[in-house]
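This report refers to the structure that appears directly beneath it.
The values are calculated or read from the model by the stated rules, or taken from the named source; none is laboratory data. As the structure is a prediction and not an experimental result, all values here were calculated from the model. Using ideal geometry, Cβ is built from the backbone for each residue, glycine included, and neighbour counts are taken over all protein chains shown.
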Amino acid sequence: MKAQMRPPEYSKQAVKYLKGLDSKSKSRIKEAIEKIPKGDIMPYKSNPGYLRLRLGGHRIIFKWINDAQILVAVIDSRGQSYKKGV
């Protein structure tokens, strides 16, 4: 039996980035996060244990806290997310 997904936890950086977005982009990103593990997800090479979700020009870097919850560590534009890292 699969565990029921719990709402994701967001880092301070992720919350700050989301607050600065327009409502359409914000809802698109939140919807993509809710659909994890579906989407364009790959291991985040510079930090083992983390994964990255590609969503247009945005990158969402996250890790699984347990089987039912994720921690969204970084949300940023494509170029900036890789520079900042986790």
task = Return the only residue of Ala14, Ala32 being hydrophobic (A, V, I, L, M, F, W, C), part of a helix (DSSP H, G or I) and free of Cβ contacts under 8 Å to residues at least 60 places away in the same chain.
result = Ala32
ask   = Here are some conditions: (1) outside any loop (DSSP other than H, G, I, E, B); (2) farther than 21 Å from Gln4 by Cα; (3) modelled with pLDDT under 95. Ser46 meets all but one. Which one does it not meet?
value = (1)
Which numbered condition Val15 fails, given (1) surrounded by 15 or more Cβ atoms within 10 Å (Cβ to Cβ); (2) of a type in the set (A, V, I, L, M); (3) out of contact with any Phe, Trp or Tyr (no Cβ under 9 Å at 6 or more places or on another chain) = (1)
request  = Kindly check whether there is at least one residue in region 52-61 that is without any contact (Cβ under 8 Å) to a residue 40 or more places away in the chain, over 18 Å from Ser27 (Cα atoms) and surrounded by 13 or more Cβ atoms within 10 Å (Cβ to Cβ).
outcome  = yes
